[in-house]
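Novice: If you scroll down you'll find the structure; I have some questions about it.
The values are calculated or read from the model by the stated rules, or taken from the named source; none is laboratory data. Bear in mind the structure is a predicted one, so any value in this text is a computation, not a measurement. When we count neighbours, we look across all protein chains shown, and the Cβ atoms used for this are built from the backbone with ideal geometry, even at glycine.
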Amino acid sequence: MPSFDALVAYAERLLSAVGLDGDKPAVTARLLVTADAMGHTTHGLAQLPDYLEDVLAGGMTTTGEPEVLADKPAAVVWDGRRLPGVWLTDKAVRLAAARAKMTGICAVTIRRSHHIACLAAFLPAATEQGLMAIVACSDPSDAHVAPFGGTKAVFTPDPLAVGIPTEGDPILIDISASITTAGMSARLRREGGSFPGEWALDADGRPSRDPNVLVGERKGTLLPTGGVDHGHKGYGLALMVEALTQGLSGHGRADSETGWGASVFVQLFDPALFGGLADFTRQTEWVAEACRTNPPADPSRPVRLPGAAAARGMREALANGMTPRPGLLEALEPWAARLGVAPLRAP
């Protein structure tokens with residue numbers, strides 16, 4: 001199987017060949033492969049062909065820096081200029097980390113970013129420094145999720161990720177305001193699969209397991225987290241994410257935004273400037289251990305913490321390499337030929 005570094009290098013070569021400058025190819029490639037290693041395969045290298053396509057279509061800016069619209073010690077706003085969203089968000093996390101170490105808290109919001117892929121992949125850059133992180137995004141140009149009780153899409157899945165340091169592996173939460181993502185829905189359609197439960201509504205508002213109800217002339221919608229019974233919970237979460245990402249950046253759905261992209265919110269906290277890092281992790285580790293050792297309802301399925309599988313996956317990938325999802329390397333081969341890059345093939 002290819003090594004982690006080999007996959008990163010391959011993705012980096014493709015992104016460089018299509019025109020991304022500076023460290024944009026390296027950062028984007030590393031975080032896409034990290035997403036795969038963590039188990040978020042719909043939002044890792046699976047996104048790369050679409051990124052390459054959008055560069056050639058003029059939808060992704062390949063050079064330069066974000067425009068700074070506001071810059072206070074603990075609050076920054078960028079216009080992302082359709083630059084690679086993975087690179088922009090990583091840059092925002094690192095800026096917020098440096099500022100949070102001085103102010104305790106720092107938030108960066110980004111308008112007009114390109115797609116940012118897997119949110120969980122950004123969290124270790126903060127938690128490895130003993131910082132707590134929140135990352136959220138939405139796409140104001142698209143909609144798949146209706147407000148609870150409605151049948152017309154208003155929101156994207158509006159994901160939210162939180163990284164929490166402990167005395168051991170960090171807690172890495174990566175959830176969304178909808179039961180599932182648009183990426184997973186598209187994969188199930190391609191593979192002829194169904195949702196495990198009634199995760200969607202058809203155009204008439206009837207619950208459905210069929211991902212095909214989301215496409216066609218009369219489109220259905222993804223249900224908010226909580227589903228038919230308790231979808232008001234996901235609805236509320238979507239409203240919050242929309243306000244954090246589009247409201248605080250000052251640009252979004254109200255501006256009739258078009259083009260694949262994202263509005264992004266990043267906030268970091270330095271526990272050392274609150275009650276102290278040692279006391280912070282003493283509390284978070286107590287809760288983590290209480291969860292890990294909680295008597296399971298099903299003995300074959302012990303309680304696990306969010307991020308535990310991702311941490312194991314990263315360690316395994318770095319030590320022993322990765323098995324790409326079936327069809328992934330084959331999907332990249334036409335791009336390698338088109339861009340004059342030697343293809344990577346699984347041994």
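Novice: Please specify each residue of the stretch 17-41 satisfying the condition of being part of a helix (DSSP H, G or I) and either at pLDDT below 95 or surrounded by fewer than 18 Cβ atoms within 10 Å (Cβ to Cβ) (or both).
Specialist: Let us first name the residues in the stretch 17-41 that are part of a helix (DSSP H, G or I), namely 17, 24-38, 41.
17, 26, 41, listed by residue number.
Novice: Of (1) surrounded by fewer than 23 Cβ atoms within 10 Å (Cβ to Cβ); (2) modelled with pLDDT of 95 or more; (3) under 13 Å from the mean Cα position of the chain (by Cα), residue 182 satisfies all except one. Which?
Specialist: (2)
Listed here are the residues, each with its yes/no results for (1) aliphatic (A, V, I, L, M); (2) more than 29 Å from residue 101 (Cα to Cα); (3) not assigned by TED's automatic domain parsing to the domain that holds residue 123.
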{"position": "280", "(1), (2), (3)": "no, no, yes"}
{"position": "283", "(1), (2), (3)": "no, no, yes"}
{"position": "289", "(1), (2), (3)": "no, no, yes"}
{"position": "293", "(1), (2), (3)": "no, yes, yes"}
{"position": "297", "(1), (2), (3)": "yes, yes, yes"}
{"position": "300", "(1), (2), (3)": "no, yes, yes"}
{"position": "315", "(1), (2), (3)": "no, no, yes"}
{"position": "320", "(1), (2), (3)": "no, yes, yes"}
{"position": "325", "(1), (2), (3)": "no, yes, yes"}
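Novice: Please determine, by comparing only the residues of the stretch 142-179 that are touching a helix residue (DSSP H, G or I) at 6+ places or on another chain (Cβ under 9 Å) and of a type in the set (D, E, K, R), which one is surrounded by the fewest Cβ atoms within 10 Å (Cβ to Cβ).
Specialist: Among residues in the stretch 142-179 that are touching a helix residue (DSSP H, G or I) at 6+ places or on another chain (Cβ under 9 Å) and of a type in the set (D, E, K, R), the one surrounded by the fewest Cβ atoms within 10 Å (Cβ to Cβ) is 167.
Novice: I would also like to ask the following. With (1) under 27 Å from the mean Cα position of the chain (by Cα); (2) modelled with pLDDT of 95 or more; (3) not in a helix (DSSP H, G or I) as the list, and residue 297 as the residue in question, which single condition is left unmet?
Specialist: Among (1) under 27 Å from the mean Cα position of the chain (by Cα); (2) modelled with pLDDT of 95 or more; (3) not in a helix (DSSP H, G or I), the lone unmet condition for residue 297 is (1).
Novice: Further question: Can you give me the number of residues within the stretch 253-268 that are in contact (Cβ under 8 Å) with a residue 60 or more places away in the chain and surrounded by fewer than 21 Cβ atoms within 10 Å (Cβ to Cβ)?
Specialist: Initially, the stretch 253-268 is screened for residues in contact (Cβ under 8 Å) with a residue 60 or more places away in the chain, giving 253, 255, 257-268.
Next cut, surrounded by fewer than 21 Cβ atoms within 10 Å (Cβ to Cβ) only: 253, 255, 257-260.
Summing the residues that are in contact (Cβ under 8 Å) with a residue 60 or more places away in the chain and surrounded by fewer than 21 Cβ atoms within 10 Å (Cβ to Cβ) in the stretch 253-268 gives 6.
Novice: Among the residues of the stretch 131-172, write down those that are over 29 Å from residue 105 (Cβ atoms) and not in a loop (DSSP other than H, G, I, E, B).
Specialist: Passing the criteria: only 145.
Novice: Residues of the stretch 277-328 being β-branched (Val, Ile, Thr) and under 21 Å from residue 171 (Cβ atoms), which ones?
Specialist: Of everything in the stretch 277-328, those that are β-branched (Val, Ile, Thr) and under 21 Å from residue 171 (Cβ atoms) turn out to be 281, 284, 287, 293, 303.
Novice: Taking the stretch 63-80, which residues are surrounded by 17 or more Cβ atoms within 10 Å (Cβ to Cβ) and either part of a loop (DSSP other than H, G, I, E, B) or assigned by TED's automatic domain parsing to the domain that holds residue 7 (or both)?
Specialist: 66, 80 - these are the residues of the stretch 63-80 that are surrounded by 17 or more Cβ atoms within 10 Å (Cβ to Cβ) and either part of a loop (DSSP other than H, G, I, E, B) or assigned by TED's automatic domain parsing to the domain that holds residue 7 (or both).
Novice: Just give me the residues in the stretch 198-225 being part of a loop (DSSP other than H, G, I, E, B), surrounded by fewer than 19 Cβ atoms within 10 Å (Cβ to Cβ) and free of Cβ contacts under 8 Å to residues at least 40 places away in the same chain, in sequence order.
Specialist: Selection gives 198, 202, 206, 209, 210, 215, 216, 217, 218.
Novice: Can you pull out every residue in the stretch 232-243 that is within 15 Å of residue 181 (Cα to Cα) and in contact with a Phe, Trp or Tyr (Cβ under 7 Å, 6 or more places away or on another chain)?
Specialist: 235, 238 - these are the residues of the stretch 232-243 that are within 15 Å of residue 181 (Cα to Cα) and in contact with a Phe, Trp or Tyr (Cβ under 7 Å, 6 or more places away or on another chain).
Novice: In the set 194, 208, 178, which member is within 22 Å of residue 117 (Cβ to Cβ) and of a type outside the set (A, V, I, L, M, F, W, C)?
Specialist: 178
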